[in-house]
Amino acid sequence: MITTSLHKRHSELANSKRQLEILSNSIFQNGELPTFKSKISETGQFPLKAKKLEILQINVGYMCNQVCEHCHVDAGPDRKEIMTRDTMQQCLEVIKNTGAHTLDLTGGAPEMNPDFRWFVEEAAKAGIKDFIVRSNLTIMLANKKYHDLPEFFKRHNIHVISSMPHWTKGKTDKQRGNGVFDTSIEALKMLNNIGYGKPESILRLDLVYNPSGAFLPADQSAMEKDFKKALLDDFGIHFHNLFAITNLPISRFLDYLIASENYEDYMYQLVDAFNPVAVQNVMCTNTLSVSWDGYLFDCDFNQMLGLPINSKAKHISEYNETLLEGRTIAISQHCYGCTAGAGSSCQGSVA
């Protein structure tokens, strides 16, 4: 099990340019597989254009109490990149004036940002309809100062979306570290005990599944039924929805694919499963991603690859919804991950 980030290990894959080189060379360079650009051109969907902004996704820092082997953020305890209160203030000005209806806070573990609670309290006043915090669950028990997070979330009617690789201990701990499953179950019980996830509750609790190996997720609705039955039967746990997310071939998952000699096979899987219908609803068309230092990207994955946004407005301080709407989305071969099978986004299947 890995214990440090690619960044800490000085891995060549800590460099986003190196990741993009890998995604552009070999089987794509020699024509064995079509590039994503050529693939969507065949279906008349290039260039991919941004639609009306609906979701503002803000990454408040890469620091995390876990080091998951699939993490596309390359997050971990050794990552010190944290959004400052000044940048948060710039985000708040945008939140107050944007047409977006959803605010999505992510990380790392977003709760580890020292200004996280202040930011949530200030953002909650802006009248966002769906206020999401993406939690890894274990943070709630990592330190006494986080033990009241469920009550804090409830007070602000936060929609909690939590990572849960599987309903079994073995598969979860293999992907996320020893003891993660048991701690996650305890955290889910804490959330259930104050009303989160109950069938008729307005306190939304959704889980996120992503495969533990070099394969695509199964049908989302079928998996949701299996998750619900297993967690209820074994632990008495309720939740609302399960989102199945495809692992994109970037950062630590790319490192895993290369180390296990699965990279080319996985890319073949993604290309073979390409679904043109999914292209119509990929998250980059209605979402704007903000990095810890305030720069704008088409999606969280492009942020991690350092793929700049095609707009004169490059930073949250320069935010201009008119300039951003209708922009051409920056793409590369990792985009196959969001368009394979039923498609994938931060909200699960899209087709």
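If you take the charge dipole of the chain about its Cα centre, with +1 on Lys and Arg Cβ and -1 on Asp and Glu Cβ, which of Ser41, Asn25, Pro110 is farthest toward its positive end? In the chain, that residue is Pro110. Convex hull volume of the C-alpha atoms in segment 48-97, normalised per residue: 118 Å³.
Values of log10 I(q)/I(0) for the chain across q = 0.07, 0.11 Å⁻¹ run -0.27, -0.70, by the Debye formula with one identical scatterer at each alpha carbon and no solvent. Label point of Lys52 set 7 angstrom out along Cα-Cβ; within segment 63-107, amide nitrogens under 15 Å from it belong to 98-102.
Most simply put, the chain has about 20% antiparallel DSSP beta bridges, counting only bridges with both residues inside it.
If packing is taken as the average number of other Cβ atoms within 10 Å across a peptide's residues, how do 247-258, 182-193 rank, most packed first?
Final packing ranking: 247-258, 182-193.
Computed 3J(HN,Hα) for segment 138-151, one whole-Hz value per residue from the Karplus formula 6.51 cos²θ - 1.76 cosθ + 1.60 where θ = phi - 60°, is 5, 4, 5, 10, 6, 7, 4, 5, 9, 4, 8, 4, x, 5, glycine and proline marked x. Restricting the calculation to Cα atoms, segment 78-192 yields a radius of gyration followed by a Dmax of 15.1, 46 Å. Simple point charges give the picture: +1 on the Cβ of Lys and Arg, -1 on the Cβ of Asp and Glu, and for segment 87-140 a dipole about the Cα centre of about 100 debye. Sorting the segments 71-79, 280-288 by their residues' average number of neighbouring beta-carbon atoms within 10 angstrom, most packed first, yields 71-79, 280-288. About its Cα centre, the dipole of the chain is roughly 520 debye, where the only charges are +1 on Lys and Arg Cβ and -1 on Asp and Glu Cβ.
The residues neighbouring Ser5, those whose beta-carbon lies less than 9 Å from its own, together hold a net charge of +2 under the Lys/Arg +1, Asp/Glu -1 convention.
We did not get these values from a lab; they are worked out from the coordinates using the rules stated. Predicted model, so just to flag it, every value in this text is computed and none were measured. Neighbour counts are summed over all protein chains in view; Cβ atoms, including those assigned to glycine, are modelled from backbone coordinates with ideal geometry.
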